[in-house]
1. I need the full set of residues from segment 122-145 which are closer than 25 Å to residue 87 by Cα, surrounded by 19 or more Cβ atoms within 10 Å (Cβ to Cβ) and either at pLDDT below 95 or out of contact with any helix residue (DSSP H, G or I) (no Cβ under 6 Å at 6 or more places or on another chain) (or both), in order please.
2. Can you name every one of the strands (runs of 3 or more DSSP E) wholly within segment 30-76 that holds 3 or more residues which are touching a strand residue (DSSP E or B) at 6+ places or on another chain (Cβ under 7 Å) and more than 16 Å from residue 171 (Cα to Cα)?
3. Criterion first (out of contact with any helix residue (DSSP H, G or I) (no Cβ under 7 Å at 6 or more places or on another chain), without any contact (Cβ under 8 Å) to a residue 40 or more places away in the chain and either under 28 Å from residue 29 (Cα atoms) or surrounded by 14 or more Cβ atoms within 10 Å (Cβ to Cβ) (or both)) does residue 99 satisfy it?
4. Confirm whether residue 196 is farther than 26 Å from residue 92 by Cβ, in contact with a strand residue (DSSP E or B) (Cβ under 9 Å, 6 or more places away or on another chain) and either in a strand (DSSP E or B) or at pLDDT 95 or above (or both).
5. Tally the residues that are modelled with pLDDT under 95, surrounded by fewer than 17 Cβ atoms within 10 Å (Cβ to Cβ) and under 25 Å from residue 100 (Cα atoms), restricting the search to segment 28-56.
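The values are calculated or read from the model by the stated rules, or taken from the named source; none is laboratory data. Bear in mind that the values here come from a model prediction, so they are computed numbers and not experimental data. When we count neighbours, we look across all protein chains shown, and the Cβ atoms used for this are built from the backbone with ideal geometry, even at glycine.
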């Protein structure tokens, strides 16, 4: 009986590390930009790279969100992919395929006719993309994180722009538009990630917790 109770107690341990952590990429410099979500951006494909050092541990990326500058809505056909990249911040190529580390890219979100009401403000990360069962495992020791968005049919009465960073420190971008050649620059959209760490308790902590639970069960039995 005690062994079964100890086994049950040990099964509870991983639950203490299941909480997702918010991770913000980018500084607030009162700057904003339209690509790729703005109503007149004409962006067809958009890449943005994030420096690995903003992630304190490996884990599963479960969602990402952006901060529109005013109230409104966003509507488009959109596919979002994540991958690793060996490019550094400020050095994405306009040859977008060359920015992707081979074999690392995965679709995390895809929807035709996506629609979402949003609340404006540089700290209101209300343009949210929840990855659902398509969460992406990211290990910062393996390279920088690369966002890759294919977008079309953006509603021309939707949001105009979202909060952006142009310090060329945490993030930068490269993208294609309908009406101009490919462009790469130091701008990147401020992004709020939700990451569930994969760290587990050290073995000593694990067993001490189990033994303490076993003692608690034994103590309760004596009182009964």
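1. Just the residues of segment 122-145 that are closer than 25 Å to residue 87 by Cα, to begin with: 129, 131, 134-145.
Those left that are additionally surrounded by 19 or more Cβ atoms within 10 Å (Cβ to Cβ): 131, 135-136, 138, 144-145.
Answer for segment 122-145, where residues must be closer than 25 Å to residue 87 by Cα, surrounded by 19 or more Cβ atoms within 10 Å (Cβ to Cβ) and either at pLDDT below 95 or out of contact with any helix residue (DSSP H, G or I) (no Cβ under 6 Å at 6 or more places or on another chain) (or both): 131, 135, 136, 138, 145.
2. Passing ranges, in order: 43-50, 59-66.
3. no
4. So residue 196 fits the description; yes.
5. Counting residues in segment 28-56 that are modelled with pLDDT under 95, surrounded by fewer than 17 Cβ atoms within 10 Å (Cβ to Cβ) and under 25 Å from residue 100 (Cα atoms) gives 2.
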